[in-house]
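Contents: one structure, followed by commentary.
Nothing in this text is a laboratory measurement; each read-out follows from the coordinates by a stated rule. The model shown is predicted, which means the values in this text are computed figures rather than measured ones. Cβ: placed from backbone, ideal geometry, glycine included. Neighbour counts: every protein chain shown.
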Amino acid sequence: MAGFKSASQLSSILENKDESDKRNLKYGQGVRLDKGGFFMAEQIKVIVFALGNEEYGIDVDKVRTIERMMPITRVPKTYSFIKGVINLRGVVIPVIDLRGRFNLEETEYTDQTRIIIVAVGEMEVGFIVDAANDVVDLDRDNIDSPPEVVGGVKAKYLDGVAKVGEDRLLIMLNLAEVLSRGEMTHLEQLED
């Protein structure tokens, strides 16, 4: 990985980058100093999960816990992708099937199916996924802007596409966009 010895070197690079590159290079937002005083890309830890043949990622800081499938209490008059609520250690948490949310074909739940409990704003929400496989470290500079549609998922739901190694791509979710304000309000009512 290339490093920068001084802030002036970083500044000159910033002047020659487009806005998406600047997002990844700003000091304090995507870069850090290594032991030798070089500016290096910031690393983030990402939970990797699968929906069908595609791999997705969520910043580990947003994930509260990963649970095996458990009984879900269906709530009437909700969106079709909201499967209901679970009681997790005394806390009622709404559960969303990400396949349904992204208009992907629904499949039967298996032993690999998981519920990833994430923080979305001030509330916790469970996302049903086909499998939660891995935790990886990513350099922020390896995350590119998403194309309009990736694996059938619209770009508004995505933060970007991360390159992992030579031939592996992770689709990074934008949790703030997975649910609209109206849907968030609806979920908050389910918690009560």
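A few notes on this one:
- Sites R168 and R64, calculated FRET efficiency, Cβ-Cβ separation with R0 30 Å, nearest 0.05: 0.70
- Length gained when the stretch R74-N87 is fully extended (0.36 nm per residue, less Cα-Cα span): 3.5 nm
- Calculated from backbone phi, Karplus (6.51, -1.76, 1.60) coupling profile of the stretch 94-111 in Hz, x at Gly/Pro: x, 10, 10, 8, 5, 4, x, 4, 8, 6, 9, 4, 6, 10, 5, 6, 10, 5
- Taking amide H positions as modeled 1.01 Å from N, with prolines and chain starts lacking one, the residues under 5 Å from D159 and 5 or more places away or on another chain are M172, L173, N174.
- Most to least packed among 84-97, 165-178, 125-138 [average Cβ atoms within 10 Å]: 125-138, 84-97, 165-178
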